[in-house]
Amino acid sequence: VTYYDERFYKFTLRNGTVDYLPSVTTKLQIIEKPWLARWRGDVGNEVADWRSFTAAERGSRIHHAWYTYTQGGAVLYQPWQRPTFTQAQLNEYETQYQGKVAILQYQDEQLAMARLMQWDQVIKPVILASELIVYTFLTRDAGTLDNVMDIAAGSYLVNGATPVTLPAGRYVVDLKTGKEVDDQAFLQIAPYAKCYESMGHGTITVGLILHTGASTTKGIEGIATLYRSAAQLAQDYADYRS
């Protein structure tokens, strides 16, 4: 259940009662963001609201395209002013991919998706879950994690000019499409990992933030891969609980 910028997950229990768990991101709104207040003061609330809305909508479209791709679907670039495909061709894709088709209309979003596909080809992860709702009543946390992946140990050129060394493990992965990633992103994936484990899906050992709006020019241009070790993830979770 989404109401403006707050989200709750509705659960109907076996005894018929209904309960609502607040999302992890809603809880994290308690953290003060002085930079955000300054930015709103600079551009004004109306402009800030519009830019935030358009950025969120853009992020949702890229997330949906990534989800479709990780499910074995097709991602098509179909700009409205010069369509790439005829309706008959779109129908063929719908049939071929059993409805798993995402259509992007803006070039920058298709470019972000192309970079994500390149990241996938370099890392070669085993994708165990995508857009999975996770929750626990023990701490009343809930959320929708982007991915859970098994990744083999190795050094990968996916974070600028310097390879990032990743240990083998089961990763909770969050996709970020904005211009910047702050520390709050790590406070988000840590409780996701705990929820995943609480549901009996297995143990999450490490975390990743996959950022498509990075300023990197080497490796995969525009992609940053921010690794979080098991010890760091545990500290992030402690900070989140605090």
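Look at G219 and say whether it is in contact with a Leu (Cβ under 6 Å, 6 or more places away or on another chain), open to solvent by 20 Å² or more (accessible area, probe 1.4 Å) and within 21 Å of D120 (Cβ to Cβ).
yes
Look through region 14-46, keep the residues that are in contact with a Phe, Trp or Tyr (Cβ under 9 Å, 6 or more places away or on another chain) and of a type in the set (A, V, I, L, M, F, W, C), and return whichever of them is nearest to Y192 (Cα to Cα).
Selected residue: V24.
Return the pair list, or none, for Cβ contacts closer than 7 Å from residues in region 195-221 that are closer than 18 Å to E131 by Cα and free of Cβ contacts under 8 Å to residues at least 12 places away in the same chain to residues that are open to solvent by less than 60 Å² (accessible area, probe 1.4 Å) and not in a strand (DSSP E or B), at least 6 apart or on different chains.
E197/I204
Return only the number of the condition from (1) in contact with a helix residue (DSSP H, G or I) (Cβ under 8 Å, 6 or more places away or on another chain); (2) open to solvent by less than 10 Å² (accessible area, probe 1.4 Å) that E131 does not satisfy.
E131 satisfies all of (1) in contact with a helix residue (DSSP H, G or I) (Cβ under 8 Å, 6 or more places away or on another chain); (2) open to solvent by less than 10 Å² (accessible area, probe 1.4 Å) except (2).
So, A112, is that one assigned to a strand (DSSP E or B) and open to solvent by less than 40 Å² (accessible area, probe 1.4 Å) or not?
Considered against the rule, which asks whether it is assigned to a strand (DSSP E or B) and open to solvent by less than 40 Å² (accessible area, probe 1.4 Å), A112 comes out as no.
When only residues in region 177-212 that are modelled with pLDDT under 95 and of a type in the set (D, E) count, which is farthest from L111 (Cα to Cα)?
This residue is D183.
For region 148-163, which positions are more than 28 Å from L36 (Cα to Cα) and crowded, with 18+ Cβ neighbours inside 10 Å?
Residues satisfying the conditions are V148, M149, I151, Y156, V158.
Which residue pairs have Cβ atoms closer than 6 Å, lie 6 or more positions apart in sequence or on different chains, and pair a first residue in region 124-145 that is closer than 14 Å to Y240 by Cβ with a second residue that is assigned to a loop (DSSP other than H, G, I, E, B) and open to solvent by less than 50 Å² (accessible area, probe 1.4 Å)?
none
Being open to solvent by less than 40 Å² (accessible area, probe 1.4 Å), under 21 Å from L21 (Cβ atoms) and in a strand (DSSP E or B) narrows it down to one residue among L145, L208; which is it?
Just a single option satisfies the conditions, and that option is L145.
If V101 satisfies all but one of (1) of a type outside the set (F, W, Y); (2) within 25 Å of G213 (Cα to Cα); (3) open to solvent by 50 Å² or more (accessible area, probe 1.4 Å), what's the number of the condition it fails?
Here V101 clears every test but (3).
Hey, does region 38-60 have a residue that's in contact with a Lys or Arg (Cβ under 6 Å, 6 or more places away or on another chain) and of a type in the set (S, T, N, Q)?
So far as region 38-60 goes, no, none of its residues is in contact with a Lys or Arg (Cβ under 6 Å, 6 or more places away or on another chain) and of a type in the set (S, T, N, Q).
The values are calculated or read from the model by the stated rules, or taken from the named source; none is laboratory data. From a predicted model like this one, the values you see are computed outputs, not experimental measurements. Here Cβ is always computed from backbone atoms with ideal geometry, including for glycine, and neighbour counts include all displayed protein chains. Quick note on the areas: whole protein, heavy atoms, side chains included, nothing else; ligands and nucleic acids left out. Shrake-Rupley method; radii C 1.70, N 1.55, O 1.52, S 1.80 Å.
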